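*Asks:* My questions will all concern the structure given below.
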Amino acid sequence: MARRSQRFTEDDFESLEGRASKTEQKKAVQRMAALGAQLAELPKKKIESLPVEERLIEALLDVQLITSGEARRRQFLRIGKLLRNEDESMILSYLTPQQGAKKTAQLHRWVDRMIAQGEPVIKEFMKTYNAAEHHAIRQHLLRIERDIQKNLGEDAVAQSKLNLLNYVQQVALISDR
């Protein structure tokens, strides 16, 4: 059978550009599971007042009753999958008061420095926060640069920056443990 010569066009790559790889999706679930573990530590009344799906609230309350280590791990993975359907900013708003205003301001400065200076700051951030992944940070920065270069507007750039800030906050919460 003759080998087909296939030329890929720019459109082929642009259609894949925004999608996360399987590895990135798995790591996102792991990050969300770690955030779920922190949500499960909140008081029962605060968990019940979360503006999320009822299934997630039930899962968070159920994990407090589970004593087996493996069962807890599986439950946190389930919570991580349920958290993917929720608004990250809202979830982080419930967890960031534990960090404090000073820490939040510091994370905002990290994001601004990463956007302005790039690679040296990324490496410094990764040394400070062990849960950070170089590839994920670079992807967020590339999306911000792309939005600026394509003149997609302030809303698109602000959303990309918010996504980077959410990632940085997640990493900081996980690394502090």
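*Asks:* Too long at a 21 Å Cα-Cα cut-off: which of K81/K103; K22/K81; K45/K102; K81/K123; K22/K123; K45/K81?
*Replies:* From K81/K103; K22/K81; K45/K102; K81/K123; K22/K123; K45/K81, over 21 Å: K81/K103; K45/K102; K81/K123; K22/K123; K45/K81.
*Asks:* Under the 0.36 nm per residue contour assumption, what length would be gained going from the current alpha-carbon distance of E70 and N130 to full extension?
*Replies:* Difference between extended and current length: 19.2 nm.
*Asks:* While we're looking at this one, here's another question. Mind giving me the nanometre distance, one decimal, between the label points for E154 and K81, set 7 Å out from Cα along Cα→Cβ?
*Replies:* For the pair E154/K81, the computed spacing is 4.2 nm.
*Asks:* Need one value: the accessible area of R138 in square angstrom, 1.4 angstrom probe, rounded to the nearest 10.
*Replies:* Accessible area of R138: about 70 Å².
*Asks:* Mind putting a number on the dipole of the chain about its Cα centre? Charges go on the C-beta only, +1 for Lys and Arg and -1 for Asp and Glu, and I need it in Debye to the nearest 20.
*Replies:* In total the dipole reaches around 680 debye.
*Asks:* Can you tell which of S68, H108, A158 lies farthest toward the positive end of the dipole of the chain, using +1 and -1 charges on the Cβ of basic and acidic side chains (Lys, Arg; Asp, Glu)?
*Replies:* Ranked along the dipole, the leading option is S68.
*Asks:* Here are labelled values, (i) 31, 27, 15; (ii) 66, 20, 15; (iii) 32, 23, 15, and one is the computed semi-axes √(5λ) of the Cα gyration tensor in Å for what I pasted. Which one?
*Replies:* It is the one labelled (iii).
*Asks:* Next question, about the same structure. For T67, T128, give the ranking by accessible area with the largest first, probe 1.4 Å.
*Replies:* The residues order as T67, T128, largest area first.
*Asks:* Mind checking the full-extension length gain between K46 and E145? Use 0.36 nm per residue of separation minus the Cα-Cα distance, one decimal, nm.
*Replies:* 31.8 nm
*Asks:* OK, next. Please compute the net charge surrounding I148, taking Lys and Arg as +1 and Asp and Glu as -1 over other residues with Cβ under 15 Å from its Cβ.
*Replies:* The answer is -1.
*Asks:* Rounded to the nearest 500, what is the 222 nm mean residue ellipticity of the chain from helices alone, with -39500 (n - 2.57) per DSSP H run of 4+ residues and division by all residues?
*Replies:* Theoretical 222 nm ellipticity from helices: -23500 deg cm²/dmol.
*Asks:* Relative to the compact-globule scaling 2.2 N^0.38 Å, provide the ratio for the alpha-carbon radius of gyration of the range 49-107.
*Replies:* For the range 49-107, the normalised Cα radius of gyration is 1.30.
The values are calculated or read from the model by the stated rules, or taken from the named source; none is laboratory data. Since the structure is predicted, the reported quantities are computational estimates derived from the model, not experimental observations. Note: ideal-geometry Cβ built from the backbone for every residue, glycine included; neighbour counts use all protein chains shown. With ligands, DNA and RNA removed, areas are computed over all heavy atoms of the protein, side chains included. Shrake-Rupley method; radii C 1.70, N 1.55, O 1.52, S 1.80 Å.
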